[in-house]
Structures are given as structure tokens and as C-alpha cells.
Amino acid sequence: MIRPRIAHTCQLRPAELSQIRRLLDRAFPGGFDDADWDHALGGLHIVAADGDQMVAHAAVVQRQLVHDNRVIRTGYVEALAVEPSRRGHGYAARIMDEAEHIIRVAYQLGALSASEGVEGLYLSRGWLAWQGPTYVLTPAGITRTPDDDDSTFVLAVSAKTPVVVTGTLACDWRDGDPW
Ligand SMILES: CC(C)(COP(=O)(O)OP(=O)(O)OC[C@H]1O[C@@H](n2cnc3c(N)ncnc32)[C@H](O)[C@@H]1OP(=O)(O)O)[C@@H](O)C(=O)NCCC(=O)NCCS
């Protein structure tokens, strides 16, 4: 197993960022667009590379979520992907170990939007499926995001930030998919 490296976006060379982007383009069957890529930038990347080949990646970026009117500093996992030919060997689990460590140390909550069919990976790691309504805080006001209710998962990290998954959860605004 390749030991993952953790680097802020600013610490990755342009060639490494291009390798990550190409991995994501290959990995996501439904496509990975420029807004998805933008969502993965500006925080910490966890990368596993085998020589010149990028094998696995995820990013943890900071977002503000509002849970029942309480603002929560959240580590949001983006762009988890493993090179198709290297799947089934524990790379995603190893990358998520690092992502969850970052979240536990630096944030009040973890959150992510699970791709269809991948929910089991997160449930097996202790992530909780959100049971309540989800929203986004748009410039025009708070807006329901019903299509994201079933794909939103959270990781509770501290007794100081108890999470009632039947409550309301709103995310900050951004281009592309809000969650
Ligand atoms: C999902 C993905 C990251 C898994 O990568 P991987 O390296 O094959 O996963 P691992 O080998 O680390 O598997 C870890 C565990 O998750 C489980 N798992 C892996 N893929 C899964 C899936 N699609 N659905 C449910 N469980 C899955 C494995 O069975 C394994 O469980 P175990 O520990 O009980 O054996 C990879 O298939 C991928 O890149 N998919 C395309 C991009 C994508 O959908 N990313 C997720 C965005 S939310």
C-alpha cells in the first residue's frame, strides 16, 4: 500500500494538479466538470501516487454548514476517487482514514455527498446518512435541495457538537452542485 501524502492545494505543483484532474476525469463515470474540480481546491488533498501515476485522491475543504440555526465549521470531503485499475485494494479506505483524521482534529463536523452506490463505503466507516431536509444558502435566500437529502452524510466528531440527523442542514453557496 502506497503511503498517502497530504498537501494543501498551494503545495502541489501544476503537473500534480493536472494528474489529479485527469484521475478524476477517468474515475467518475458520470463526468467530472470544472465546477466539481473547483470544489476540490483550496483545502487539503490526500494523494496516493505510484511513481508518476496518481492512484487515489480526496480533498477536505472547509465549508460552513448550518444545522438547526447553528453554524458548524465543517470539513467537507470532495473528489474521492481511485484509479479504475487499482480499485478493491483498500486505497479509498486508506485515503478516508486520513480525511477523517483531518476532520476530527480540525473541524466540528465532517460532511460529504455520496455518489449513488457508494453509500455503503461511508456507512461502514461510521458516517451517518442525513435523515432531515437539506438546504442551500443562496444569495436569494435559503432554498430546499430535496435531491440531496438521501446522498448527504455526516461524521460526528465531538460531543461538543452533537448532531441530530433528523434536523435541518444547510450548506453555503457555490457554483455547480451545492452539496
Ligand atoms: C468508490 C471508490 C473510491 C472505492 O475505491 P476502492 O479503493 O476500490 O475502495 P476500497 O478498496 O478502499 O474499499 C473500502 C471498502 O469500501 C467498500 N466499497 C468500495 N467501493 C464501494 C462501493 N462502490 N459501494 C459500496 N462499498 C464499496 C469495499 O468493499 C471495502 O469494504 P471492506 O473494507 O468491508 O472490504 C472507487 O470505486 C471510485 O473511485 N469510484 C468512482 C468515483 C466515486 O464514485 N467516488 C466516490 C464519490 S462519493
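The values are calculated or read from the model by the stated rules, or taken from the named source; none is laboratory data. Keep in mind it's a predicted model, so treat the numbers as computed, not measured. Note that each Cβ is placed from the backbone with ideal geometry, even for glycine, and that neighbours are counted across all protein chains shown. Accessible surface is based on the protein model in full, side chains and every heavy atom, while ligands, DNA and RNA are left aside. Shrake-Rupley method; radii C 1.70, N 1.55, O 1.52, S 1.80 Å.
Helix 91-106 against the longest principal axis of the chain: what's the angle in degrees, Cα atoms only, rounded to the nearest 10? The helix 91-106 is inclined about 50 degrees to the chain. Of the peptides 126-132, 116-122, the ranking by mean beta-carbon count within 10 Å, highest at the top, reads 126-132, 116-122. Restricting the calculation to Cα atoms, the range 34-130 shows an Rg/Rh of 0.97 when the hydrodynamic-style radius is the Kirkwood one.
Taking the C-alpha atoms only, the angle from helix 14-27 to the longest principal axis of the chain is near 70 degrees. For the chain, the ratio of Cα radius of gyration to the globular rule of thumb 2.2 N^0.38 Å stands at 1.00. Surface exposure of the chain, expressed per residue as accessible area with a 1.4 Å probe, stands at 49 Å². Is the C-alpha gyration tensor of the range 1-63 telling us rounded, prolate or oblate? Criteria: a/c under 1.5 is rounded; beyond that, a/b larger than b/c is prolate, otherwise oblate. Oblate.
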